[in-house]
Amino acid sequence: MAAPRLNAETRGIVAKLKTYADRTLPNAKTMPREVYTSQAFQELEKSRIFEREWLCAGRAESIPKAGDYLTYKIGDQPVLIIRQKDGSIAAFSNVCRHRMMRLLEGKGSCRRIVCPYHAWTYEIDGRLVAAKHMERTNRFDVGKVELPKVRCEVWNGWIYVTLNKRSASVARKLARLDDVIRDYHAEDYVEVDRQEHVWNTNWKLLSENFMEGYHLPVTHRKTVGAYFPVEDTRFAAGKADDNFTFQWFTKTEDAPVGTAHAKNKTLKGDMRRTSVLGSVYPCHMFVLAPDHLWYLSLHPLDTERIHIVYGLAFAPELMAEKGKLKARIAEAKAYLDATNEEDRFVVEGLCEGVKAPLAEPGPLSWLEKENLDFTRYILRCMTR
Ligand code: FES
Ligand SMILES: [Fe+2]
């Protein structure tokens, strides 16, 4: 896929962004305002970031049976992700081969994929098997039509899709992150809640917000912030990875949730109350705690609106305690809904702020190291 070229406007923004990316952390600043507000920059992101990267569409265990599906969008491409009869997961263009109607919506289960427009019918492996009243059409052979495949991989239980035919596998790109989270066995966690929302913000403002713990004691003082002493934040030593960033948070001893269940035998010592806050570029973010995880995946609608997929999953030890499950889900959901609401408040406020003529990017704290890593990532994407 040929990426559109930079024009005078985007060239200027990229040149400015480079001066920010070149700064060291003690001299680092928030990205220039235009990075968040320019339509032309956003349009370039579509081809240079979203159509080239692996993006997270949801959790594999949330579509356990053949025909279970979920839908997602990569840039302008609707994608359907569907469990196959052999247990594998496949992804296809979610667009009918007839008049190009979108096929499936949301999340659900089907025996066959039936287009809601004229009922062309596809097997769950993407082959067209029925199309009525096409017998007078020249050179039309049902058996020769199928939905275009989209690359799809599962990593630690998360389903990733990409339009990039040449990109290295997710497993290879995230190998170093695998080393960090292996002992949590996130692939065994089970999704108990999935929601989709539209927020009024730029996608990068939410990505950056998720990366830094600086805001936790303030924005989230009523929720997660109460149990995270930010002074103890730990970053990985050495050079930042090109594909992700993360930090560890060790909770206080009295944290009511987010610590290992007594039956968890894989996490040792302080790791039993440590969470990994990971961001896989560009927009899959997660908090992986010893007893639960939650994650976000974003799809930009325009410079000021994003579509969010948001999920909550429990570790198997919690899933096994069936009697407590319903109450636990309700409690965790209320807690995370409140946390998300707190984040929505700030990222929508930021979106208003970055448009202000008197606003200027301010200096970063050492706790916002990952924001500088992200600045450099955006620059790399825009100049590759
Ligand atoms: S557009 Fe799908 S059947 Fe006509
Ligand atoms: Fe937050």
- Query: Going out from 0 in 20 Å bins, what whole percent of all Cα-Cα distances in the chain drops into each bin?
  - Reply: 27, 56, 17, 1
- Message: Relative contact order of segment 221-269, please, whole-number percent, based on alpha carbon pairs below 8 angstrom and at least 6 residues apart.
- Response: 35
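How do VAL198, VAL14, VAL35 line up, fewest other C-beta atoms within 10 Å first? All intermediate terms of the calculation are to be shown ahead of the outcome.
Numbers: VAL198 11, VAL14 19, VAL35 25.
By the 10 Å Cβ count, ascending: VAL198, VAL14, VAL35.
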- Query: For labels at ASP179 and LYS85 in the simple 7 Å Cα→Cβ model, what's the distance in nm?
  - Reply: 4.3
- With THR137 itself left out, Lys, Arg at +1 and Asp, Glu at -1 over residues whose Cβ is under 15 Å from its Cβ give +4
- Please name which of LEU293, TYR310, ILE329 has its Cα lying farthest along the dipole of segment 285-329 towards the positive end, using unit charges on Cβ (Lys, Arg +1; Asp, Glu -1) and the Cα centre as origin. ILE329
- Give me the distance in nm between label points sitting 7 Å out from Cα along the Cα-to-Cβ direction at ASN7 and VAL257, one decimal. 4.6
- Would you grab the residues whose amide H sits under 5 Å from the one on LEU104? Only those 5+ places off in sequence or on another chain, please, with H modelled 1.01 Å from N. none
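Could you pull out the trypsin sites (Lys or Arg not before Pro) across segment 98-132 that fall in loop regions by DSSP (anything but H, G, I, E, B) with no more than 12 other Cβ atoms inside 10 Å? Please report the intermediate quantities before stating the final value.
Working: sites: ARG99, ARG102, LYS107, ARG111, ARG112, ARG127, LYS132; in loops: ARG99, ARG111, ARG112, LYS132.
When the trypsin sites (Lys or Arg not before Pro) of segment 98-132 are filtered for loop state and at most 12 Cβ neighbours within 10 Å, ARG99, ARG111, ARG112, LYS132 remain.
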- Message: I need the calculated FRET efficiency for the pair GLU153 and ALA356, taking r as the beta carbon distance and R₀ as 41 Å, to the nearest 0.05.
- Response: 0.50
- Item | segment 57-162: relative contact order in percent, alpha carbon pairs under 8 Å with at least 6 residues between | 26
- The distance between the Cα centres of segment 260-321 and segment 1-72, in whole Å, is 22
- Taking the radius of gyration and the Kirkwood hydrodynamic radius from Cα positions alone, what is the Rg/Rh ratio for segment 57-162, to two decimal places? 0.98
- Charge context of ARG48, other residues only, Cβ under 12 angstrom, K/R +1, D/E -1: +1
- Note on the structure: Phi angles of segment 153-161, converted by Karplus (6.51 cos²θ - 1.76 cosθ + 1.60, θ = phi - 60°) into ³J(HN,Hα) in whole Hz with x for Gly and Pro, give 9, 10, 10, 6, x, 8, 8, 10, 10
- Vicinal HN-Hα couplings computed from phi for segment 45-51 (Karplus, 6.51 cos²θ - 1.76 cosθ + 1.60; Hz; Gly/Pro x): 4, 4, 7, 8, 10, 5, 7
- Message: Please report the net charge: other residues with Cβ closer than 12 Å to the Cβ of CYS381, K and R +1, D and E -1.
- Response: +3
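Ignoring GluC sites (Glu not before Pro) that are buried or in helix or strand per DSSP, and keeping those with at most 15 other beta carbon atoms within 10 Å, what is the longest stretch of the chain between them? Show your work: numbers first, answer last.
Working: sites that count: GLU105, GLU135, GLU253, GLU321.
Here the longest run is 136-252.
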- So which DSSP H runs in the chain come out at 18 Å plus along the axis (Cα) with average Kyte-Doolittle of at least -0.5? 8-21, 369-383
- If each of ALA330 and ARG221 carries a label point 7 Å out from its Cα toward its Cβ, how far apart are those two points in nm? 3.0
- Please pull out the direction-averaged projected area of segment 167-225, using the convex hull of its alpha-carbon atoms, in nm² to one decimal place. 6.7
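Would you list MET285, MET101 from fewest to most Cβ contacts within 10 Å? Could the numbers behind the result be given before it?
Numbers: MET285 24, MET101 14.
With the sparsest Cβ surroundings first, the list reads MET101, MET285.
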- Query: What ranking of MET271, MET100 emerges when the number of other C-beta atoms within 10 Å of each C-beta is taken as an exposure proxy, fewest first?
  - Reply: MET100, MET271
- Task: Calculate I(q)/I(0) for segment 18-115 by the Debye formula, one identical point scatterer on each C-alpha and no solvent, and give its log10 at q = 0.10, 0.19 Å⁻¹ to two decimals.
- Result: -0.44, -0.93
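Using 1/(1 + (r/R0)^6) with R0 = 45 angstrom and r between the beta carbons of TRP366 and SER169, what's the FRET efficiency to the nearest 0.05?
0.85
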- Message: Give me the count of lysine pairs in segment 255-384 whose alpha carbons sit under 30 angstrom apart, restricted to pairs 8 or more positions apart or on different chains.
- Response: 17
- Among the lysines in segment 57-162, how many pairs, 8 or more places apart or on different chains, have alpha carbons under 24 Å apart? 13
- Just the isolated ones, please: cysteines in the chain lacking another cysteine beta carbon under 4.7 angstrom. CYS56, CYS110, CYS152, CYS283, CYS351, CYS381
- Rounded to the nearest 500, what is the 222 nm mean residue ellipticity of the chain from helices alone, with -39500 (n - 2.57) per DSSP H run of 4+ residues and division by all residues? -7500 deg cm²/dmol
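Values quoted throughout were computed directly from the atomic coordinates according to the rules given, and no laboratory measurement underlies them. What you are looking at is a predicted structure, and each value in this text was computed from that prediction instead of being measured. FYI the Cβ positions are ideal-geometry reconstructions off the backbone, even for glycines, and counts take in every protein chain you see.
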